Amino acid sequence: MASSTSDDDFITVVCSNPNPIQANTTSTDIEILISVTNIPSWDLPSILCHQTVKVQAHRNRLIQHSSYFNGLLSGSFSESGLDCIAIEWNLEAFLHILNCIYDCPLDVTSNNFLPLYEGALYFGVEMLLMRCKTWFSEVVSTEVPPQVQLDDLISIWSFGLEHARDFLPELCGSYLARNFMWAISMNCFVDIPYDLLLSCVKHMNLTVDSEMHLSNALLVWIDANTECMEGLSRNEDVCTGILKQIRLSLLPLWFAAEKRSSCHFSKFADESIDSIFRLLRIPSTGSVDALGASHLHDLRIRLTKFSKRVNLSSCSQITSAVLLLSLLPSANSIDYILRGIGQSPFNLERLDRDQCSEVLNLLPTLSFEAVQEVDISKCPRLHLQSAIECFRKSFPSLRILKAAFLLKFKISTLRKLVRKCPMVCEVDLTTDTSPIISSQVSIVSSSPAITPQISNLSLNVRDMTSFYNSGLSIAKLTLEGRNDLYDSDLQYISRFCVSLQYVNLKGCTSLTDVGIASLLRRCIKLHSVLVCDTSFGINSVLALCSSSSNHIAVEQIENELLDSLALNLQILHMGSCKCVDETSLLKLMSQMQKLKSLCLSDTHLSDGALYSFRGSSLEVLDISNTMVSNAAVAYLVSGNPGLKCLKARGCRNLSQQESDPQKREFSISYSCRELHNEIGRTCMLEEIALGWGFSYTSLEALKPAITSLRKITVGLGGLLGEDGLRKLPTICPMLESIILYFQVFVIVDLEIIVGDNYDFPCGLFCYTSISCDIRNIECSYDLDFGIIIFEV
C-alpha cells in the first residue's frame, strides 16, 4: 500500500529479536503492537517478553533523526513507498533508540552502553551517538570508583577497534591505566588483549601503588597467556614489549632476586639487581645525576594526579634525592633543573642536611593532592626529615604513613610529621618483635617511686606547647616492637595525640605499667588497645575501668559520655601480660560490653572472668595457654554468635576429666563434646586453633561452624589424625592453611586425599621424614618444635 506524505503519517516498524526468547506464553502473544503516541507509558519488561514488536512511528521523525531510515524511506528503495517495514535487531536496544528519537528520558549505563552505541551507529542516530560518547567520556574521566566493569571495558575496546571508532580504544586505555590497581584484582584481568594492555602500561596516567605491583600483574598476565602465544613469532616480543615498561631501578632487591628464576623475567631481574646495586653504591647524601641523564627516567617514582597510595616498602635504594626527583616536573626539564640546583648555594648533595626546606622552596615541585597513603617501611637510606618536607609540599592530603622497621624514626620525627602534615591520622612505626623480652619479668621502673627513663629524643616543653593542636588528627598509632620507647615518650604522645583512638604498644618492653596507665588516662577516645608482651598491669587496668571524668577538666567533657574506657573498648589485646592478676582481670572483663576482638593468651585468665563478660559482639577470641574450662568457654561462645576466630590452643583444662554423676564414672570426652557442640550450634568460624580435648571425632560436632573455615591449627594435646585430614577437604572446602604442632602421621598415597577438584594441603607425613610435592602448597617442617605448616 502506498503511503501518504502528511506530517502525521505513521509507518509500522516490525522489529524481530534475532535471538529467540524462551516464551512461556501462548502463540498468540508472540508479537505485540505498540505506538509511539504513548511511548512514555511503555512497559518495557512486558514488551520484551515478545519475540516480535510492531511499532507505529511517525515516518518524518524517523527520517529526520536516523540516517538509516532517511535512506530507506526517502530514497529509491522499494520500502520507501510501504506503510510497513521489517528489521531485525535487539528489541531492547531498538526501543531505547526510539526513546531517544522521541526525546524521552534514557539512562546510559555500563550495561547498555555497547548495545546503544552499536544501534545508534547502525541506524545513524547522531543524537544518541553523541549522548553515548558524552556519557562514556565522563565516566572514564571521573575520579570516583570504577563504574565500568573490566569485561565490559574489554568488549567496548574491541568494538571500537573493529569499527574504527578511535576515541573508544583511546578512552579505554586511559581508563584502564588510571584504574590499573582495581583491574589487577579482577579475575578477567588475564583476558585483557595485548594491545590494550600495552597501551595501558605506556600511558602517561598509568597509576600503580608500586613497580612491584605492576611487575607482578604483568607476569600473571604473561603466565596466563603463554599457552595461547606459543608458536607465535611475536611471543618473545610480546613479553619484552610490556615488561620493558617496568622501572627496574625501583623494585625491591628481594623481589628482583626472587624473579631471576622466571623464564620471562630473568633478564629484567638481572638488570634490576645491577641498577639497585649502582644506587646503593651512591652515598645516601649523594647526587643521583652521577648515574647520568639516561637513568633518571627509571628513577622517577610513578606518580599521577590519580595516585592514592605510594608504596616504596623494602626499596633500600630509595633516598631523598630519588624522592625529590620524582616530585619535579617531567618532560625535558629535569636536566635544566638539576643544573640550576648545582649553580645555587644548595644542591642535591646537601638535601639531607639542614637546608632541605629551603631547597624545596626553590624547586617547582609538583603537588599530588590525591595521595593519601605512603609506605616507606624498610627504606633505611631515606632521610626522614627531608622526606617529611617532600610530603608536606607534594602530598597535602596525606593521611596514612607507614614507616615500619625504621629505627631512626623517633618521637621527635613523629612530632615533625604531624606538624608538617596536619591531615595525617594514622602512623605505623612497627619494628621487629621476634627477639622480645618476656613480659613475665616486670620492669623495675614500673614503681612510681622510681623515675622512668627518658628518651634522648623526647620533646621539650616549648615544642610541646606550640605543637599541642597539631596532633589532633592522629587517631591510629602503631609502635609495635619499639623497645626504645619510654614512659616520657608516652607522656608527650598523650599530649599531642589527644584524639588517639587506636594504639599498638605490643612488645614495647621498656614501658612501665605506670607509663601505659598515664597514656590510657589522657587519651579518653581510645577504643583499641594492643599491649601484648608489655608491663601492662594493675595500674593500667584501673585506668581502663575508671570513669573518664576523673582524667579531664569538666569544660572539656560537656558533650562527652562519662563512661570508662573499658566500656567503649572494641579491641583489647593483652596476651602474655602476667602483671594483671585474676581480680583485676575479672573487674576489667565485667566492664567491657562492646568488645569485638579480645586476646588474653598466656594470662591469669580464670573461669570467673569469662563468666563476668557481658559483651555479645566478639568476633575474635584468643585464650590460648590459659586455665579456662570447657563450660566457661562454652558460656562465652554462646553469647557471641558472631565469633569468627577462636584460638584455644594450650588450654590443658579443656581435656580435664569431669565426673558424670549418673554413670558414677569419669568421662574424658563429655565436657569437650559439649563445648564443640556449642561452637557448632553458635558460630561460623574462619579460623580456629585447638589442642587439648580436640580429636578427629570433634570435626562432626564442629562441622556447622567450620564450613567457611580458612585456617586451622592443631596443637599439643590434640589429635587430628589421618581420618581427620581425610575429612577436611569435604568439611572445609575454603581451607587455605593448616598448622600442626606435635602431630604424628604415616605417609600415605596423596591421591587418596587430594582430589581432582582440590589444590589442598592434605598430605600425611611421618614424624621424622618429609618428602612431597603438593600443587600450589608451601610445606615447612620444624623438627625442633614438631610443627608442620601447609599454606595454599
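Assorted remarks:
- Qualifying trypsin sites (Lys or Arg not before Pro) for segment 356-426 [loop in DSSP, other Cβ within 10 Å: at most 13]: 408
- Note on segment 571-723: antiparallel DSSP beta bridges, both residues inside, total approximately 15 percent of the bridges counted.
- Cross-link pairs beyond the 20 Å C-alpha cut-off, checked among 596/647; 476/596; 378/596: 378/596
- Proximal lysines relative to residue 244, as straight alpha-carbon distance under 17 Å, when same-chain residues fewer than 8 apart are discounted: 202, 259, 267
- Long-range amide H partners of residue 86 with built H, under 5 Å: 14
- Alpha carbon centroid spacing (whole Å) that separates segment 678-732 from segment 72-96: 67
- In nm, spacing of pseudo-spin labels at residue 191 and residue 638 (7 Å Cα→C-beta vector): 5.0
- Loop-located GluC sites (Glu not before Pro) across segment 80-160 with a Cβ neighbour count of 10 or fewer within 10 Å are 143, with loop assigned by DSSP.
- The residue 593 and residue 736 beta-carbon pair, evaluated with R₀ = 45 Å, returns a calculated FRET efficiency of approximately 0.85.
- Chymotrypsin sites (Phe, Trp or Tyr not before Pro) within segment 17-113, DSSP loop, no more than 12 other Cβ atoms inside 10 Å: 77
- Across all directions, the average flat footprint of the convex hull enclosing the Cα atoms of segment 563-654 is 5.0 nm².
The numbers here are math on the coordinates, done by the rules we state, and not lab data. Predicted model only: the values in this text are computed from it and were never measured. All Cβ positions, glycine included, derive from the backbone under ideal geometry; neighbour counts span all protein chains shown.
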